[in-house]
Amino acid sequence: MLRLGESRQSARSSSGEAAAGPSSGSATPETNSTWAPAETYPDISAASAECGRFGGWWDHVTVPLEGLHGDRDRAESFGSRAEQYDRLRPAYPVALIDDLVSLDAWDVVDVGCGTGKAALALIDRGLRVLGVEPDEAMAAVARRHGVPVDVATFEAWDPEGRAFDLLTAGHAWHWVNPVMGLRKAASVVIPGGTVALFWNYHALEEPLLETLERVYAACAPELEVLGRDPTGSPDSDPFLGSDQFTPGEPRIYRWPRELSANEWVDMLATFSDHQCLGKDRLLDLQDALRAAIDKSGGTVRSLCGTYVWSARRL
């Protein structure tokens, strides 16, 4: 397991989306992390892996979950569970928000803002944030929380001449075409501004993870198990080769989390790869996982992480 400040290779989720972090209904994790130089992470590799049907592996190595952006059915499936997503998906660590605020940005665009988790945290700290979100139902929840939102994919979004000194994408950049997205980011972020891409994940304790792996093997063998520690998965700088951004700087924030069986299985239903199972198979998987967790003590304990790539606009 990694400790705060240690280097790692990536935070790929094996579930087809990066796994969730601290729930917004629980205490937000604190860390003492600060932005780290890229040299702190010497073992980042450039290997590639084949993308499976449900996106459990990256199509080519750039950022976590690269290759999913073309699956628009999955990308735009979250609105059917917008309220559940808002209740169960994570807030972001206070230390990450502190680091973003310390950049002295004022105007922020939050790409794929969802129900507004990252955007709201920044608004609460006094920043002016505009969300860009392709799903109207997700955007409606964000607006209810006080986040202004333009409904569009980032690639098609019209900034109408607006410019920003910080672009964030929390648990969302894998739904953006990486080439078009980076080009668009360069067009809306002012020189000296920052782009911060980040993802959350769970790493479950081994005894429970092995139990849940058996459930997946029986009920949904085509899915990778959410909760496997992604440490050591291949990754590389998403800003590599760009003449419009500095080399990317990776950073990880770690924190523990505990969920009940019901919270865990309800959270799983907000992941698009799990939704691909269909209603009946998803319910069967949830019932089996709930029973297995209850038999193992009723609590899911994990060492979670938020993985960040950041770069400055030249």
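Any read-out appearing in this document is the output of simple, stated calculations on the displayed coordinates, not a laboratory observation. If you're wondering where the values come from, they're calculated on a predicted model, not measured in any experiment. Methodologically, a virtual Cβ is constructed for each residue, glycine included, from the backbone with ideal geometry; neighbour enumeration extends over all protein chains shown.
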- Task: Take the alpha carbon gyration tensor of region 105-238, find the square roots of its eigenvalues, order them as a ≥ b ≥ c, and report rounded if a/c is under 1.5; if not, report prolate when a/b exceeds b/c, else oblate.
- Result: prolate
- Query: Once both labels are modelled 7 Å past Cα along the beta-carbon direction, what's the Val151-Arg214 spacing in nm?
  - Reply: 4.7 nm
- Among Met138, Ser102, Val149 - extreme Cα towards positive end, dipole of region 74-155, charges at beta-carbon: Met138
